[in-house]
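Shown next, in C-alpha cells, is the structure this report addresses.
The values are calculated or read from the model by the stated rules, or taken from the named source; none is laboratory data. Predicted, not measured: the structure shown is a model, and the values here were computed from it. Don't worry about glycine lacking a Cβ; one is built from the backbone with ideal geometry, like all the others, and counts go over all protein chains shown. Ligands, DNA and RNA are excluded from the accessible area calculation, which covers all protein heavy atoms including side chains. Shrake-Rupley method; radii C 1.70, N 1.55, O 1.52, S 1.80 Å.
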Amino acid sequence: LYDPYVTEERSPYQRAVDGAVEIPPSAFAGARWERLGTFGDGADAHAYGAGDGWFDYAFSLGHAAAPTLEARLSSEWPGKSAPPDGGSDVAVLVDGVRVATLGVIPDDGAGRVEKIALGSLRAGRHMLRLLVAPGPNAHGLCVYGNARVPLRIVTGAAATSRR
C-alpha cells in the first residue's frame, strides 16, 4: 500500500515589519495533505492542502510577547466551486498546544481574515500548525497572502482576537 498523502518540507522564511513577523504562505516549514501545493505570486497567491492535513509555519520572536495571528483562510476546493457547507474546521496550535479552533469559510478564491490570540510566548523559535483533522468538515485549507497581505504574527499593538 502507498501513503495517500503528500508531505513536503521547506526552508521557512519570515521578515520583521512594523511590530509583526510576516510569512509568505508558501514559506511553510512542513505540510502534509492529500493534495498539496502553492499557486501564484500576485493577489491570488496561496498555499493549499486538500482533505485533511496540516501546514507548519516556523517563526521567531525577539522578545516575549502575546502575539496575534492574522491570516486570510478558506477551505480548499478546486476552482471556486465550494458548496455553501464546504468550509473546514481548523485547529490552531502553537508549539503543540491548541489555542483556537476556527470554522473557515468555503473556498471563494480570496479567504476571510481571521485574528487569533496565540497566548504568551517567550522569545525564540516557535511552530504554528494549522490543522484540518479527518472528519466530515475536512475540506482542506487555503492560506492566502502576497507581498501586501501575508500571514502575520502581530507582536506590537493589540489586535482583536478570536478563540
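Using a 1.4 angstrom probe, figure out how much accessible area the range 1-44 has per residue, in square angstrom, rounded to the nearest whole. Let's see the in-between values first.
Working: 2830 Å² over 44 residues.
Accessible area per residue: 64 Å².
Working note: Karplus 6.51/-1.76/1.60 with θ = phi - 60° gives the range 133-142 the couplings 6, x, x, x, 9, 9, 10, x, 8, 10 Hz, where Gly and Pro are set to x.
Computed on the range 25-93, with alpha-carbon pairs under 8 angstrom and 6+ residues apart, the relative contact order is 26 percent.
Taking every C-alpha pair closer than 8 Å and separated by at least 6 residues, the mean separation divided by the residue count of the chain gives a relative contact order of 30 percent. Karplus-derived 3J(HN,Hα) values for the range 119-128, using 6.51 cos²θ - 1.76 cosθ + 1.60 with θ = phi - 60°, are x, 7, 10, 7, 5, x, 8, 9, 10, 9 Hz; glycine and proline are entered as x. With a Förster radius of 30 Å applied to the C-beta separation of residue 35 and residue 110, the computed FRET efficiency comes to 0.90. Taking every protein chain into account, the 1.4 Å probe leaves residue 34 with about 90 Å² of accessible area, to the nearest ten.
Seen from every direction in turn and averaged, the convex hull around the alpha carbons of the range 93-134 projects onto 4.0 nm². Binning all Cα-Cα separations of the chain at 10 Å, short to long from zero, yields these whole-percent fractions: 11, 43, 35, 9, 1, 0.
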